[in-house]
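Asks: So that we are looking at the same thing, I have put the structure below in structure tokens.
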Amino acid sequence: MKKVRDNSAVPRGGTFTYVHENNYTQQHPYFDQLKHMVVEYKNANNLPVGLQFDDEFEENLCAHAADSTCEDFIPPTLLEKMSHLAQALYKSAKSGFATVPAEEFESRRAVCGSCNFFGGTNGLLKIACKKCGCSGIKLAVNTETCPAGKW
């Protein structure tokens, strides 16, 4: 699977390009704006926006982008997620289960919400990161950092 390296940056060449199934092309310099335009186009033309749309959207962008815009991405396995959790629990316990101030928590949450690894707020543990598989609980833990280096 391919992922955009930085969805907050304008790609080399100046625009992201999305090519629909019917070969209609849409372009925009900003990831989120193009994503919104693509969803609007699909809805207006009765084209499906499936449950895997986020991943399919990025795959499509990467198929039409310069090599430096995207990177290969393999989601963590269940074993890797369990390992991350065990390490996080150990570090947190060692620090006395210290949490971050409310302002920092909100800042972290805003960064996660705009990240291309953001998995949404649905599910048992809510905010899930596709990069490491963590939940939103990580946002409040003082000893934790973003696996993509964003906070």
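Asks: Would you tally the net charge around D55, using a Cβ to Cβ cut-off of less than 11 Å, leaving D55 out, and scoring K and R as +1, D and E as -1?
Replies: Local charge sum for D55: -1.
Asks: Still on this structure: I'd like the orientation of helix 102-113 relative to the chain: the angle between its Cα long axis and the longest Cα principal axis, in ° from 0 to 90, rounded to 10.
Replies: That helix lies at roughly 30 degrees to the long axis.
Asks: Label-point separation (nm) for E71 and S8, each offset 7 Å from Cα along Cα-to-Cβ?
Replies: For the pair E71/S8, the computed spacing is 1.5 nm.
Asks: Sticking with this structure for a sec: Could you work out the Kirkwood radius for segment 2-72, taking every pair of different alpha carbons, averaging 1/r and inverting it, reported in Å?
Replies: Result for segment 2-72 stands at 12.2 Å.
Asks: Mind jotting down the distance between the C-alpha centroids of segment 1-24 and segment 74-151, whole Å?
Replies: Taking the Cα centre of each part, segment 74-151 and segment 1-24 sit 26 Å apart.
Asks: Please name whichever of C70, V38, A9 sits farthest to the positive end of the charge dipole of segment 1-71, dipole taken about the Cα centre and charges placed at Cβ: Lys and Arg +1, Asp and Glu -1.
Replies: In segment 1-71, that residue is A9.
Asks: Would you compute, from DSSP H runs of 4+ residues alone, the mean residue ellipticity of the chain at 222 nm, taking -39500 (n - 2.57) per run and dividing by the full residue count, rounded to the nearest 500?
Replies: After summing the helix terms and dividing by the residues of the chain, the value is -11500 deg cm²/dmol.
Asks: Report ³J(HN,Hα) in whole Hz for each residue of segment 132-149, in order, from the Karplus equation J = 6.51 cos²θ - 1.76 cosθ + 1.60 where θ = phi - 60°; Gly and Pro get x.
Replies: 10, x, 7, 9, x, 4, 4, 4, 8, 8, 4, 8, 9, 10, 6, x, 9, x
Asks: Debye sum, Cα scatterers, the chain, no solvent: what log₁₀ I/I(0) at q = 0.16, 0.20 1/Å?
Replies: After summing over all Cα pairs, the log10 values are -0.94, -1.25.
Asks: Pairs of alpha-carbon atoms within less than 8 angstrom and 6+ residues apart define the contacts here; what relative contact order does the chain have, in percent?
Replies: Normalised by residue count, the contact order of the chain is 23 percent.
Each reported figure results from applying straightforward, stated rules to the coordinates on display, with no laboratory input. Please read these numbers as outputs of a predicted model, since none were measured by experiment. Neighbour counts run over all protein chains shown; Cβ positions are idealised from the backbone, glycine included.
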